[in-house]
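Pasting in a structure now, in structure tokens, and then I'll have a few things to ask.
Values quoted throughout were computed directly from the atomic coordinates according to the rules given, and no laboratory measurement underlies them. None of the values given here were measured: they were computed from a predicted structure. Note that we place each Cβ from the backbone using ideal geometry, even for glycine, and neighbour counts take in every protein chain shown.
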Amino acid sequence: MQINMIFEISAGLMTLIIIFGVWEAIWKGIALWKCGRNNQLKWFIFILIFNTVGILPIVYLLFFQKKRK
């Protein structure tokens, strides 16, 4: 009985980790692409190094990316 409950918790946790990993990869990829195109090396390095479940890339994309004319 207890082994099944542990397995269910582990499966749920693994699913959550995979969802957060995909979420992070999508936002990080978009933000790194924009940083690279806008020559913003400091932001590129910060986003590349820190894993923040997509928060830092979203902040960059909303507030700090250079606006193209």
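Would you point out the residue of the range 16-63, among those that are surrounded by fewer than 16 Cβ atoms within 10 Å (Cβ to Cβ) and of a type in the set (Phe, Trp, Tyr), that is nearest to the chain's Cα centre (by Cα)?
Selected residue: Trp23.
Within the range 33-63, which residues are in contact (Cβ under 8 Å) with a residue 24 or more places away in the chain and in a helix (DSSP H, G or I)?
Lys34, Cys35, Leu56, Pro57, Ile58, Tyr60, Leu61
Among the residues of the range 8-57, write down those that are charged (D, E, K, R) and farther than 28 Å from Arg68 by Cβ.
If the condition is that a residue be charged (D, E, K, R) and farther than 28 Å from Arg68 by Cβ, then Glu8 is the only one that fits.
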